[in-house]
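Before I ask anything, here is the structure I am working with.
The values are calculated or read from the model by the stated rules, or taken from the named source; none is laboratory data. Computed from a prediction, not measured in an experiment: that's the story for all the values here. Please note: Cβ atoms are built from the backbone with ideal geometry, for glycine as well, and neighbour counts cover all protein chains shown. What goes into the accessible areas is simple: the full protein's heavy atoms, side chains included, and nothing from ligands, DNA or RNA. Shrake-Rupley method; radii C 1.70, N 1.55, O 1.52, S 1.80 Å.
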Amino acid sequence: MKRRVLPGLPLALGITLVYVAIIVVLPLAALVFKAASLGPADYWRIVSSDRALASYRVTVLCALAATVFNLLFGMALAWVLVRYRFPGRRLVDALVDLPFALPTAVAGIALTTLFATNGWFGGPLSHLGIKVAYTPLGIIVAMSFTSIPFIVRTVQPVLEELDPALEEAGQTLGASDLSIFAKVILPLLAPALLAGVSLSFARSLGEFGAIIFIAGNQPFSTEITALLAFIRLEEYDYPASAAIASVMLLTAFVMLAITNLMQARALRYTVRG
């Protein structure tokens, strides 16, 4: 009798597929079916209303700004954690995962307290004419806080595994530090950066709890799409809520598909090099 390489694989695979179907596929299918209950004209009227379009603009632009900030700051933070040893390094490394453990509502309340006009950060910034709480800038701050671990944790392991001989070879050939980073290190980090950026952007698109406390939630100004869907849900307008949510779901799927293609392409050329 031929022995199985992984004993119990059919049972484990079956349990996994059932779990995925219940936790992931079933809610998404319910969302799609509820949105499909609308006619094409009603669906288009809901998702293309002025208020909905304004919420898309606020959500996407703030998510892009937060992702760009996380890309720069997150990569710098990962670099410092990997390349330098300093007092409190382990504490800083542990704090990176704080947004994962902290309830998003608690994060939103804390950020609002810090960045309000009488807060520790908001007070000095208000004297400079910069208002964070209850503005789009507050949304960017909340998105950045909740999504930065994705970039740090995807880039950090790759930096730890980089062969120092590659940088030493560049230095031996007379390349500057900037040239070594751009032509040696960055191409090797590209697949991890793409993965981290896509996860960070997707998390920012779907963030809700941390944003509603600091955003102000003013229609056409600081109202995000997730909040608009929630408002329609509270109004018992379930098809409209599902229609608005389906737009963000489709956006996230398209973005992740494009990112996966770019990541596979970057990884293929990296391996060839």
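Between Leu250 and Ala175, what is the FRET efficiency for a Förster distance of 41 Å, r being their Cβ-Cβ separation, to the nearest 0.05?
E between Leu250 and Ala175, to the nearest 0.05, is 0.40.
I want the local charge near Gly174. Using Cβ-Cβ distances under 14 Å, sum +1 for each Lys or Arg and -1 for each Asp or Glu among the other residues.
Cβ neighbours under 14 Å give a net charge of -2.
Tell me, what ³J(HN,Hα) does each residue in segment 206-218 have, in order and in whole Hz, if you take phi through Karplus 6.51 cos²θ - 1.76 cosθ + 1.60 with θ = phi - 60° and put x for Gly and Pro?
Coupling constants for segment 206-218: x, 5, 9, x, 6, 8, 5, 7, 9, 7, x, 6, 8 Hz.
Let me ask another. Val32 versus Leu186, label points 7 Å from Cα toward the beta carbon: distance in nm?
Label-label distance for Val32 and Leu186, simple model: 3.9 nm.
Modelled label-to-label distance, Trp120 and Phe100, 7 Å Cα→beta-carbon offset: nm?
2.4 nm
Using a 10 Å cut-off on Cβ atoms, rank the peptides 175-185, 190-200 from the highest mean neighbour count down.
So the order, starting with the most tightly packed, is 190-200, 175-185.
Could I ask something else about it? So how much slack lies between Arg57 and Leu128, counting 0.36 nm per residue of separation and subtracting their Cα-Cα distance, in nm? Present the calculation step by step, with values, prior to reporting the outcome.
Details: separation 71, 0.36 × 71 = 25.56 nm, distance 2.70 nm.
Here the answer is 22.9 nm.
While we're on this one: Suppose the chain between Gln218 and Ser49 were pulled fully straight at 0.36 nm per residue; how much longer would it get relative to their current alpha carbon spacing?
59.2 nm
In addition: What is segment 117-273's relative contact order, in percent, from Cα pairs under 8 angstrom and six or more apart in sequence?
Over segment 117-273, the number comes to 29 percent.
Of the chymotrypsin sites (Phe, Trp or Tyr not before Pro) in segment 64-150, which ones lie in a loop per DSSP and count no more than 12 other C-beta atoms within 10 Å?
Tyr84, Trp120
What is the Cα centroid distance between segment 107-146 and segment 156-176, reported in whole angstrom?
39 Å
With each run of n ≥ 4 DSSP H residues scored as -39500 (n - 2.57), what mean residue ellipticity at 222 nm is computed for the chain after dividing by its residue count and rounding to the nearest 500 deg cm²/dmol?
Details: 15 runs with 206 residues, N = 273.
When only DSSP H runs of four or more count, the value is -24000 deg cm²/dmol.
Got a number for carbon plus sulfur as a percent of segment 150-244's accessible area, 1.4 Å probe?
Carbon and sulfur together cover 63 percent of it.
Computed over the Cα atoms of segment 108-261, what is the ratio Rg over Rh, Rh following Kirkwood?
Here the Rg-to-Rh quotient is 1.12.
Using a 1.4 Å probe, what is the accessible area per residue for segment 103-191, in Å²?
53 Å²
If you don't mind, there's one more thing I want to ask. Please state, to two decimals, what the Cα-based radius of gyration of the chain comes to when divided by 2.2 N^0.38 Å (N = residues).
Compactness ratio reported: 1.20.
Under the Karplus relation 6.51 cos²θ - 1.76 cosθ + 1.60, θ = phi - 60°, what is the ordered set of whole-Hz ³J(HN,Hα) values for segment 68-74, x standing for Gly and Pro?
With coefficients 6.51, -1.76 and 1.60, one gets 4, 4, 5, 4, 6, 6, x Hz.
Starting at the first residue of segment 123-131, write each ³J(HN,Hα) from the Karplus equation 6.51 cos²θ - 1.76 cosθ + 1.60 with θ = phi - 60°, in whole Hz, x for Gly and Pro.
Once rounded to whole Hz, the list reads x, x, 5, 5, 5, 8, x, 10, 10.
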